[in-house]
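Asks: Sending over a structure as structure tokens; questions will come in a sec.
The values are calculated or read from the model by the stated rules, or taken from the named source; none is laboratory data. Note that the structure is a prediction, hence the values are computed from the model and not measured. So basically every Cβ, Gly included, is an ideal-geometry build from the backbone, and we count neighbours across all protein chains shown. Note: areas computed on protein heavy atoms with side chains; ligands, DNA, RNA excluded. Shrake-Rupley method; radii C 1.70, N 1.55, O 1.52, S 1.80 Å.
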Amino acid sequence: MFLVHLFLVLAGPLVGSFIGLLAIRWPEGEPWVARRSVCRSCERQLRWWELLPLLSWLALRGKCRQCGASIPWIHPACEMGGLLVALSAWAFAPEGTILLSCLFGWTLLALAAIDLRSFILPDPLNLLAALLGVAMVWWTRPDAWAEHLIGAAVGYLILFSVEITYRLMRGRDGLGRGDAKLFGVLGLWVGWTRLPDILLIASVSGLLAAILASRVAGDDLKSTTAIAFGPWLALAGWIAWLTGPLLVSGL
Ligand SMILES: [Zn+2]
């Protein structure tokens with residue numbers, strides 16, 4: 001098993017590098033495979049040694065070798081994220097789920113990265129995370145279908161009703177439908193008992209990040225400030241999956 005774990009950790013930054021490309025190309029409708037990587041500022045084709053996850057970014061000090069344009073932060077962030085998913089899965093994933101956990105974590109990372117940049121949570125990625133969840137329950141806890149299916153339904157319905165209520169009361173969109181789908185997927189993975197944990201961690205971390213971001217930008221946080229909730233849901237879901245029932249639901 002050690003070799004499998006090691007392989008996943010080495011694959012992490014590479015998968016993260018692919019996720020970074022996805023986050024930039026998907027929302028623009030560009031083909032995200034079968035195209036050489038170029039600097040988006042000077043269009044120069046990048047050499048293989050400029051595409052090594054994390055190492056190239058460090059060696060190039062975050063800038064294009066030719067035009068000096070900053071390499072978008074999403075690249076090193078996703079490469080680091082891909083590595084952290086593999087390392088945290090190695091340390092904390094429930095017995096016998098390391099591979100499915102990594103695939104789940106990387107899918108969450110892709111959802112988070114795309115939502116952060118473009119405020120969308122693509123359906124195909126939510127579906128992929130759901131299918132991985134079905135495989136996980138099927139193989140590792142076939143006697144707990146009820147808990148996980150109820151989690152999926154309740155998770156979806158909670159954020160769906162928040163979305164509808166907000167629209168009725170404020171006359172504009174607060175949450176996207178993708179958030180409800182993602183919360184349903186997370187409920188499928190962790191079961192309905194852990195949904196309060198996820199909501200608490202996601203709300204607190206999302207709010208802190210929004211306050212921090214508005215401080216850095218130098219203006220006040222307004223009720224109309226657009227905040228992507230998906231990344232915080234994804235992070236909270238990942239934490240809930242890797243920890244036992246220690247938080248709200250364990251009290
Ligand atoms: Zn350049």
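Asks: At 20 °C and 1.002 mPa s, grab the translational diffusion coefficient of segment 1-92 from Stokes-Einstein with a Kirkwood Rh over Cα pairs, rounded to a whole number in µm² per second.
Replies: D = 154 µm²/s.
Asks: In whole angstrom, and with the biggest value first, how far do the Cα coordinates of segment 116-156 range along each principal axis?
Replies: Reported extents, whole Å, longest axis first: 39, 20, 13.
Asks: Using θ = phi - 60° and the Karplus relation 6.51 cos²θ - 1.76 cosθ + 1.60, list the HN-Hα couplings for segment 93-110 in order, rounded to whole Hz, with x at every Gly or Pro.
Replies: Couplings: 4, x, 2, x, 10, 4, 5, 4, 4, 4, 4, 4, x, 5, 5, 4, 4, 5 Hz.
Asks: Given R₀ = 22 Å, what would the calculated FRET efficiency be for ARG117 paired with ILE164, taking r from the Cβ atoms and rounding to 0.05?
Replies: Working: r = 26 Å, r/R0 = 1.20.
Once the sixth-power term is evaluated, E becomes 0.25.
Asks: For the chain, restrict the atom set to alpha-carbon positions and state the Rg and Dmax in Å.
Replies: Taking only Cα atoms of the chain, I get Rg and Dmax of 19.0, 58 Å.
Asks: In addition: How much area per residue is accessible in segment 124-251 when the probe is 1.4 Å and only protein heavy atoms are counted (Å²)? Could the numbers behind the result be given before it?
Replies: Working: 6840 Å² over 128 residues.
Per residue, segment 124-251 has 53 Å² of solvent-accessible surface.
Asks: If amide hydrogens are placed 1.01 Å from N in the peptide plane, which non-local residues have theirs closer than 5 Å to the one on GLY191?
Replies: It is none; the list stays empty.
Asks: Report the one residue of ILE98, LEU58, LEU195 whose Cα lies farthest in the direction of the positive end of the charge dipole of the chain (charges on C-beta: Lys and Arg +1, Asp and Glu -1; origin at the Cα centre).
Replies: Working it through, the farthest residue towards the positive pole turns out to be LEU58.
Asks: Could you pull out the longest piece of the chain with no exposed loop GluC sites (Glu not before Pro) in it, calling a site exposed if DSSP puts it outside H, G, I, E, B and it has at most 11 other Cβ atoms within 10 Å? Before the final figure, lay out each step's value.
Replies: Numbers: sites that count: GLU28, GLU43, GLU95.
Result for the longest clean stretch: 96-251.
Asks: Now, a different point. Carbon and sulfur together cover what percent of the accessible area of segment 51-113 at a 1.4 Å probe radius?
Replies: Numbers: 2120 of 3060 Å².
About 69 percent, which is the carbon plus sulfur part of the accessible surface.
Asks: Can you pull the semi-axes for segment 124-251, root of five times each eigenvalue of the Cα gyration tensor, sorted largest first, whole Å?
Replies: Numbers: eigenvalues 157, 54, 32 Å².
Working through the eigenvalues yields semi-axes of 28, 16, 13 Å.
Asks: Further, regarding this structure: For helix 2-25, what angle does its Cα long axis make with the longest principal axis of the chain, in degrees from 0 to 90 and rounded to 10?
Replies: The helix 2-25 is inclined about 80 degrees to the chain.
Asks: Using DSSP to call loops (not H, G, I, E or B), can you name the chymotrypsin sites (Phe, Trp or Tyr not before Pro) in segment 1-107 whose Cβ has at most 16 other Cβ atoms within 10 angstrom? All intermediate terms of the calculation are to be shown ahead of the outcome.
Replies: Values: sites: PHE2, PHE7, PHE18, TRP32, TRP48, TRP49, TRP57, TRP73, TRP90, PHE92, PHE104, TRP106; in loops: TRP32, TRP73.
Counting only loop positions with at most 16 other Cβ atoms within 10 Å, the chymotrypsin sites (Phe, Trp or Tyr not before Pro) in segment 1-107 are TRP32, TRP73.
Asks: Pull up all non-local amide H partners of LYS63: gap of 5 or more, or a different chain, and H-to-H distance under 5 Å with H placed in the peptide plane.
Replies: It is ILE71, by chain and number.
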